[in-house]
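Enquirer: Once you've had a glance at the structure underneath, I'll fire off some questions.
The values are calculated or read from the model by the stated rules, or taken from the named source; none is laboratory data. Not measured: the values here are computed from a predicted model. Neighbour counts are summed over all protein chains in view; Cβ atoms, including those assigned to glycine, are modelled from backbone coordinates with ideal geometry. The area values use the complete protein model at the heavy-atom level, side chains included, leaving out ligands, DNA and RNA. Shrake-Rupley method; radii C 1.70, N 1.55, O 1.52, S 1.80 Å.
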Amino acid sequence: MDFRKIKEGEFWRLSETGQLIDYTLCESMADIDKFQLIARLKNENVIYSVRHGRNDSLRTWRLDVMAKALKQRGITEFTVKMVDGE
């Protein structure tokens, strides 16, 4: 499986064209209570995640903010993965 970091605008363009599936919000280990957005490229083993525009680190959002953004784009099903507290 290939993991690629892309900017937010490109992520939404891929989403709008129906190329992304299996949306997941993963809790950040570095920033608890913030979530990283990932999705899989349809028909391929490529995972895309949103990175910051100015550097290569993964971008994070509050869960409610990202859920609202996904809903506004017609994405009503996604998985939430929490960091194991142990």
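Enquirer: Given all pairs of different Cα atoms, what value in angstroms does the Kirkwood hydrodynamic radius of the chain take?
Expert: Hydrodynamic radius (Kirkwood, Cα pairs) of the chain is 13.1 Å.
Enquirer: List, in order, the whole-Hz ³J(HN,Hα) value for each residue of region 72-84 obtained from phi through the Karplus relation with A = 6.51, B = -1.76, C = 1.60 and θ = phi - 60°; use x for Gly and Pro.
Expert: Along region 72-84, the couplings run 4, 9, x, 9, 10, 10, 7, 9, 10, 10, 9, 5, 5 Hz.
Enquirer: Restricting to DSSP loop positions (anything but H, G, I, E, B) with no more than 10 other Cβ atoms inside 10 Å of their own Cβ, which trypsin sites (Lys or Arg not before Pro) remain in region 33-70?
Expert: Taking region 33-70 and a limit of 10 other Cβ atoms within 10 Å, the loop trypsin sites (Lys or Arg not before Pro) found are 54.
Enquirer: Considering only protein heavy atoms, what is the solvent-accessible area of residue 24 at a probe of 1.4 Å, reported in Å² to the nearest 10?
Expert: The value for residue 24 is about 20 Å².
Enquirer: If you take every DSSP beta bridge whose two residues both sit in the chain, what share of them, in percent to the nearest 5, is antiparallel?
Expert: Given both bridge residues lie in the chain, the antiparallel proportion sits at roughly 55 percent.
Enquirer: Shifting gears a bit: What is the set of long-range amide H partners of residue 42 at a cut-off below 5 Å, with H atoms built 1.01 Å from backbone N?
Expert: 20, 21
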